[in-house]
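Please read the structure below before turning to the comments.
Every number here is computed from the coordinates shown, using simple stated rules; none is lab data. This one's a predicted model, so the numbers in the text were calculated from it and none came from an experiment. Here the Cβ positions follow ideal geometry from the backbone for every residue, glycine too, while neighbour counts run over all protein chains shown.
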Amino acid sequence: MHGQMVRETTVRRGVLCACLVAGAMVVAEWRPMQASAKAEAARSTMKLVSPAFSEGQSIPAAYTCEGRDVSPPLKWSGVPSGTRSLALICEDPDAPRGIWTHWVYYGLSGSMMGLPEGVPTVENPPTGGKQGRNSFKHAGYGGPCPPAGRAHRYIFRIYALDDNISLKPNAGREELVQAIHGHVIAEGELMGTYQKKQ
């Protein structure tokens, strides 16, 4: 009888320990997710606009491969205090082979409020910062150039960062995304469309 009670007590303790371990694992997994959710919620929103086109409207041909293929003018506001630098990405999520990157720009001064039309397609432009490699395999901006058919969306995103990221010129989109991870304190977005005419 005594032996049976000892065995039952041992089994209960084993079950209790297993429950405690499982509970600790759940808490450990939940905390990073909770922290990540809080970090996302803490991001503020910036306003990104262009004098050349409005949100959701067609991008003028001058800024595409059917025109002068120069970068459009951009303006942004709502840069939060504590911003050390800014980064910019423009991409086409409707490309047949997946995301097509049109512009990668980083190391911009946190005090900047916009970019003029026609930023030179060089790694170190006169506007400051560094331009990365787009999907056309060259530095700087490459305008919309979708296949004939339906219109594609072109999304410009501006990121306010709490650090000066250490990336060399001509870095790709994925390198920039990895470098700014955990440093974005605000962001803004502008979407334009383009349908090839020829």
Inset, instruction - Provide Rg and Dmax in Å for the stretch 44-194, with only Cα atoms included in the calculation. - result: 14.2, 44
Inset, instruction - Run the quick spin-label model on ASP162 and LYS47: label points 7 Å from Cα toward the beta carbon, then report their separation in nm to one decimal. - result: 2.6 nm
Inset, instruction - At a Cα cut-off below 21 Å, give the lysines reachable from LYS75, other chains included and same-chain residues fewer than 8 away excluded. - result: LYS47, LYS130
Inset, instruction - List the residues of the stretch 129-168 whose backbone N lies under 20 Å from a point placed 7 Å from the Cα of LYS197 along the Cα-to-Cβ direction. - result: 142-154
